[in-house]
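Structure first, commentary second.
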Amino acid sequence: MKYLVMVQGTQADYEAMAGKASEHSPAWSEQEIQAMFAHMEAINNDLAETGEMVDAQGLTEPAGTRLVSAGADGRPVVTDGPYGETKELLAGYWVLDCESLERVTEIAARVAQCPVPEGAPDYPVVIRPIQEGC
């Protein structure tokens, strides 16, 4: 079965990774960034080796986000992000083809162990089964 495994973040998290601390998160050092990338690369390599990886992507900062909705007149309404009313947004994802929910949960637990600076926010890793055949 296929699963979407998602990690979350905020604009402040992206800014912290770029070296700008806030009340939300301390600034990340270059060593901390490299440790995060090494952790994620090891997971990606292992998933590619087992054949469970379908796709994986990190997303750019929410400031580059655009929301498109239908206006009352049916014409599109376009808003640039980030959005003050939204806390966490999708920061990256994996599409995995795993034998069971237990297996994908093991993988998500490994993702959740990603090293972060002391005082950085901790977000859950979200698992969503992908409906097939639609």
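Shown here: semi-axes √(5λ) of the Cα gyration tensor in Å, derived from the displayed model; of the candidates (i) 27, 24, 11; (ii) 30, 20, 13; (iii) 37, 18, 12, it corresponds to (i).
State which stretch of the chain is the longest one without any exposed GluC sites (Glu not before Pro), exposure meaning a DSSP loop state and at most 14 other Cβ atoms within 10 Å.
Numbers: sites that count: 23, 85, 99, 118, 132.
In short, 24-84.
Quick one: 3, 123, fewest Cβ neighbours within 10 Å first, how do they rank? By the 10 Å Cβ count, ascending, the order reads 123, 3. Rounded to the nearest 500, the 222 nm mean residue ellipticity of the chain from helices alone is -9500 deg cm²/dmol, with -39,500 (n - 2.57) taken per DSSP H run of at least 4 residues.
Kindly identify the range 18-66 as rounded, prolate or oblate by the Cα gyration tensor criterion: order the square roots of the eigenvalues as a ≥ b ≥ c, call it rounded if a/c is under 1.5, otherwise compare a/b with b/c, prolate if a/b is larger, else oblate. Taking the square roots of the gyration eigenvalues as a ≥ b ≥ c, the range 18-66 is oblate. Projected label points at residue 2 and residue 59, each 7 Å from Cα along the beta carbon direction, are separated by 1.8 nanometres.
For residue 20, what charge total do you get from the other residues with a beta carbon under 13 Å from its beta carbon, if Lys and Arg give +1 and Asp and Glu give -1?
On the way: positive: none; negative: 13, 15, 23, 61.
Overall, the nearby charge balance is -4.
Each value in this text was obtained by applying a stated rule to the coordinates, not by laboratory testing. Note that the structure is predicted; figures quoted are calculated from it, not measured. Neighbour counts are summed over all protein chains in view; Cβ atoms, including those assigned to glycine, are modelled from backbone coordinates with ideal geometry.
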